[in-house]
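Here is the structure we will look at.
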Amino acid sequence: MASTLLSKTTSDWCVKLLCPRYPPPPPILSHPPTLLLTWRPFRYFFSTKRLSTFLAMDGSKAGPLKELPLGIDATTEEEYASQSKLLQEFTSISSIDKAWIFKSDSGIGSQAMFSISQPNLLANKRKKFILSSHISRESNNSVNFQWAPFPVEMTGVSVIVPSPSGAKLLVVRNPENESPCQFEIWGRAQVEKEFHIPQSVHGSVYADGWFQGISWNSDETLIAYVAEEPSPSKPTFTGQGYKKGSSTEKDFGNWKGQGDWKEEWGETYAGKRQPALFVININSGEAQAVKGIEKSLSVGQVVWAPPVRGSHQYLVFVGWSEGTRKLGIKYCFNRPCALYAVRAPNFESEADGPELKDNSTEDVPVVNLTQSISSAFYPRFSPDGKFLSFLSARSSVDSGAHSATDSLHRIDWPIDGLLSSSAKIVDVVPVVMCAEDGSFPGLYWSSFLSNPWLSDGCTMIITSIWGSCEVILSVNVLSGEVIRISPTDSNSSWSVLTLDGDNIVAVSSSPVDVPHIKYGYLVDKESKNTAWSWLNVPSPTNECSEKVKSLLSSLQFSIMKIPLRDVSDSVTKGAAKPIEAIFVSSKTKRNDPFDPLIVILHGGPHSVSLSSFSKSLAFLSSIGFNLLIVNYRGSLGFGEEALQSLPGKVGSQDVNDVLVAIDHVIDLGLASPSKLAVLGGSHGGFLTTHLIGQAPDKFVVAAARNPVCSLALMVGTTDIPDWIYVEAYGSEGKNSFTDAPSAEHLTLFQSKSPIAHVSKVKTPTLFLLGAQDLRVPVSTGLQYARAMKEKGVPVKVIVFPNDTHAIERPQSDFESFLNIGVWFKKYLS
Ligand SMILES: CC(=O)N[C@@H](C)C(=O)N[C@@H](C)C(=O)O
């Protein structure tokens, strides 16, 4: 997802804002060690240019002073250096992203391929590699993974997809410029085919995890996929003026104009052209666009429909209409979408059988299969092809909340291939409104396998969110029965990587445990007993440095249930239930009497902080901070009523929930009221800046990543102005959304924004901002930081010129958390 372009180093762009009201830090011993700086003028301390020589207090010339980089001063340089060493150790921990299982050549056991990634700070990219293992089940209910001695790096690879039989592997390499897109078909030992698809056919293949869809047909001759439509032709001008007609030629005698601007899908999709559907024949290398799909439909997640003998092959895909304008789609499941079926193209060379010589291009209608529901995605055919199941975010679409409780559905698939747009949609897992204590809170998918089926043909294995944990569920698509099959006595998070027949290869982690591979099997397959057993899999991927191991082993965590205060009678039952927070602390008290506490707030707001491992949070715990990670009402995983209680009340209900959680740990004697820090990104940054304004004496220090500080400013520039209406007004905001906000709208937005409280703020705050953020444009954070500076409150701002909303490029992520660590230490030590 991260772009690899680096035009300027991030430190070139660091801005440190001057705060005249706050005195410089206390005297320190600085570089060179012989030079005692008893006092430094403000000008030096805050200036962006450094003096190269320094005069000692007695006026003698002390020789050249080492230049300090922007934003680092002599008081923090030591801390910066030592924290950076530790952060590097955390950063280098690898992540297990995906896995695939293949039949073993020997017929005994199976072969697994794990896709692993690790940030490469120097290259500012994620290194991706493949690690293989042979899996054998032993008779004594144990499992043995025999790992290949080393992983193999995958360079320049955008996506890999094995064929259904596992005999072939598709490797796609997307172009970096205008060159063709490369498709490779690999056999067991070598590349068997290589095709270059020119830009005149299509651009890059989508590998974004949302529009992305790559599907092999059952006889492994065709692959359907989603790629950017070809570049539209642009007006050409020559020395004589406009040249009539379209031309793709480029020469010195002409130049291209821009033509009309086209709306895009917002954050992380800048410069991406419309996703369109293609099929490639892997015998001939011919790639064809799928015909008949309306130009205004963006497509994704394509799969082949079960083949029907003597009939044309169909593809099923998800389609998103653009309406009057495209609004940002990243993190926004409230964009209406439907499943469609379309006839796959015929290839001349295909041996379709005698009855299928018809290669006509006559228009065959595209069938909308899910007209009666506002959202349908992730289509998955049952192994016998009798039904099609899919997920839906209808609650999100209907309410306008950008994410909400999901539901699971199925439709019967016509055996005769006669498709209908009025097929009955069966609700398999409906939306859970109120999560009863300890029971299933509703479906909140977090990852979805391309083949999620157990061998009974009706049980799907799904990773979902349950309170503050990620869990593995089995869902019977015929009966609707949902069972939590990852251990119920574990507060760790679990997610499925792949299925090995009826067994599960999963990964489990916690705030204090790096990800570990687990192998799950049904204890008694024959009986009705649904208990699963989970084995630990020793793996090279479980390893981390001795230092990290020892630091993590000194930490502990718990998930706290926190009762709400003063709940009004008007709230729904589900919104009156206790909230959860994850508390991470040292096993032994490190300082007397309390370690400082960082309150951590997720964004969204309809997202969640999970009990899974986070390198950056583990780093902060390891340098001496306890963490209180609050899942305020509105978070995913706690039922629809709790989630829907927030829109219309942002800046008050969520702020109060956080304050209640803080008081809870203080009352339990786990935190000191005078040692609090707060950290959040996006909506979490909205809460961070609200908290330092509404509770100005509570926090010693704060940090905000791309924070939403002014809804009024942001509404005209964000890719999701509708989000502002829904969160500020509640679900009626969905209908009042307009791109031309009235004065009344702007007044309400202003009143609900952190900037309305900025005059009260006293807390020194670090701002980390991505200049390419289309979601929460950089101007929002800068405006707030400037307003703080105007009031004389210490502010530090780092702008990452090439980062989008998530600030996830390896160097930017590193520099962000290093600065958070140093900033918090500076004020909380
Ligand atoms: C829907 C959305 O993107 N909202 C943002 C304001 C936000 O909070 N984003 C979350 C997902 C984040 O953590 O970036």
One residue is enough: does the stretch 795-812 have a residue meeting the conditions within 14 Å of the ligand (Cβ to nearest atom), among the hydroxyl-bearing types (Ser, Thr, Tyr) and over 20 Å from the mean Cα position of the chain (by Cα)? no
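If you take the residues in the stretch 451-463 that are touching a residue at least 24 places away in the same chain (Cβ under 8 Å) and not aliphatic (A, V, I, L, M), which one is surrounded by the fewest Cβ atoms within 10 Å (Cβ to Cβ)?
Among them, the one singled out is Ser455.
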So if I check each of Gly821, Gly781, Gly730, Gly770, which one is open to solvent by less than 20 Å² (accessible area, probe 1.4 Å) and under 16 Å from Val701 (Cα atoms)? Gly821
Verdict on Leu297 being within 29 Å of Lys193 (Cβ to Cβ), in contact (Cβ under 8 Å) with a residue 24 or more places away in the chain and away from the ligand (no atom under 16 Å from the Cβ): no
List pairs: first in the stretch 709-727 and among the β-branched types (Val, Ile, Thr) and open to solvent by 20 Å² or more (accessible area, probe 1.4 Å), second within 12 Å of the ligand (Cβ to nearest atom) and outside any helix (DSSP H, G or I), Cβ under 6 Å, 6+ apart or cross-chain? Thr717/Pro777
Sort out which residues of the stretch 538-572 are open to solvent by 40 Å² or more (accessible area, probe 1.4 Å), small (Gly, Ala, Ser) and in a loop (DSSP other than H, G, I, E, B), and write them in order of number. Ser545, Ser554, Ser568, Ser570
Considering (1) outside any loop (DSSP other than H, G, I, E, B); (2) open to solvent by less than 20 Å² (accessible area, probe 1.4 Å); (3) within 16 Å of the ligand (Cβ to nearest atom); (4) of a type outside the set (S, T, N, Q), say which one His606 fails and leave the rest. (1)
Say whether the condition of being over 20 Å from Ser450 (Cβ atoms) and open to solvent by less than 20 Å² (accessible area, probe 1.4 Å) is met by at least one residue in the stretch 308-315. no
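What number of residues within the stretch 501-537 satisfy the criterion of being open to solvent by less than 40 Å² (accessible area, probe 1.4 Å) and farther than 25 Å from Pro164 by Cα? Don't jump to the end; show me each part of the working.
Filtering the stretch 501-537 down to residues open to solvent by less than 40 Å² (accessible area, probe 1.4 Å) leaves 502-512, 514-515, 517-521, 532-533, 535, 537.
Keeping just the survivors that are farther than 25 Å from Pro164 by Cα gives 508-512, 514-515, 532-533, 535, 537.
Count: 11.
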Search the stretch 246-261 for residues being at pLDDT 90 or above and loosely packed, with under 10 Cβ neighbours inside 10 Å, and hand back the single one that is nearest to Gln274 (Cα to Cα). Trp261
Among the residues of the stretch 580-603, count how many are open to solvent by 20 Å² or more (accessible area, probe 1.4 Å) and of a type in the set (Phe, Trp, Tyr). 1
Name the pairs whose Cβ atoms lie under 7 Å apart, with the first residue in the stretch 596-609 and free of Cβ contacts under 8 Å to residues at least 12 places away in the same chain and of a type in the set (A, V, I, L, M), the second more than 10 Å from the ligand (Cβ to nearest atom) and not in a loop (DSSP other than H, G, I, E, B), and 6 or more positions between them or separate chains? none
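Find the residue count for the stretch 283-315, including only residues that are part of a loop (DSSP other than H, G, I, E, B), small (Gly, Ala, Ser) and more than 25 Å from Asp384 (Cβ to Cβ).
Residues in the stretch 283-315 being part of a loop (DSSP other than H, G, I, E, B), small (Gly, Ala, Ser) and more than 25 Å from Asp384 (Cβ to Cβ): 4 in total.
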Enumeration of residues in the stretch 610-636 that are more than 30 Å from Glu546 (Cα to Cα) and in a loop (DSSP other than H, G, I, E, B): Tyr632, Arg633, Gly634, Ser635, Leu636
Check on Ser179, closer than 24 Å to Pro452 by Cβ, assigned to a loop (DSSP other than H, G, I, E, B) and of a type in the set (Ser, Thr, Tyr): no
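Name the one entry in Ser399, Ser407, Ser446, Ser421 that is free of Cβ contacts under 8 Å to residues at least 40 places away in the same chain and either open to solvent by less than 30 Å² (accessible area, probe 1.4 Å) or more than 20 Å from Thr572 (Cα to Cα) (or both). Please lay out each step first, then the result.
Working: Ser399 fails: free of Cβ contacts under 8 Å to residues at least 40 places away in the same chain; Ser446 fails: free of Cβ contacts under 8 Å to residues at least 40 places away in the same chain; Ser421 fails: free of Cβ contacts under 8 Å to residues at least 40 places away in the same chain.
It is Ser407.
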Please work out which residue is least open to solvent (accessible area, probe 1.4 Å), limiting yourself to the stretch 177-235 and to residues that are of a type in the set (Gly, Ala, Ser) and in contact with an Asp or Glu (Cβ under 8 Å, 6 or more places away or on another chain). Gly203
Looking at the stretch 476-494 only, could you name the residues that are without any contact (Cβ under 8 Å) to a residue 60 or more places away in the chain and not aliphatic (A, V, I, L, M)? Asn476, Ser479, Gly480, Glu481, Arg484, Ser486, Pro487, Thr488, Asp489, Ser490, Trp494
Scope the stretch 691-727; condition within 16 Å of the ligand (Cβ to nearest atom), outside any loop (DSSP other than H, G, I, E, B) and over 24 Å from the mean Cα position of the chain (by Cα); matching residues: Leu691, Ala712, Leu713
Would you please name the residue that is farthest from the ligand (Cβ to nearest atom), looking only at residues in the stretch 748-780 that are touching a residue at least 24 places away in the same chain (Cβ under 8 Å), of a type in the set (Ser, Thr, Tyr) and assigned to a helix (DSSP H, G or I)? Ser759
Is it true that some residue in the stretch 648-666 is under 24 Å from Ser816 (Cα atoms), within 15 Å of the ligand (Cβ to nearest atom) and not β-branched (Val, Ile, Thr)? no
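Given the criteria away from the ligand (no atom under 11 Å from the Cβ) and part of a strand (DSSP E or B), does Leu679 qualify?
Working: away from the ligand (no atom under 11 Å from the Cβ): yes; part of a strand (DSSP E or B): yes.
Considered against the rule, which asks whether it is away from the ligand (no atom under 11 Å from the Cβ) and part of a strand (DSSP E or B), Leu679 comes out as yes.
For the stretch 316-344, give me each residue that is over 26 Å from the mean Cα position of the chain (by Cα), assigned to a strand (DSSP E or B) and under 26 Å from Ser396 (Cβ atoms). First the steps, then the outcome.
Taking the stretch 316-344 and keeping what is over 26 Å from the mean Cα position of the chain (by Cα), we get 324, 340-344.
Still in the running and assigned to a strand (DSSP E or B): 340-343.
Hits for the stretch 316-344 are Tyr340, Ala341, Val342.
The values are calculated or read from the model by the stated rules, or taken from the named source; none is laboratory data. Keep in mind that this is a model prediction, so the values were computed, not measured. All Cβ positions, glycine included, derive from the backbone under ideal geometry; neighbour counts span all protein chains shown. All accessible areas refer to the heavy atoms of the entire protein, side chains included, with ligands and DNA or RNA removed. Shrake-Rupley method; radii C 1.70, N 1.55, O 1.52, S 1.80 Å.
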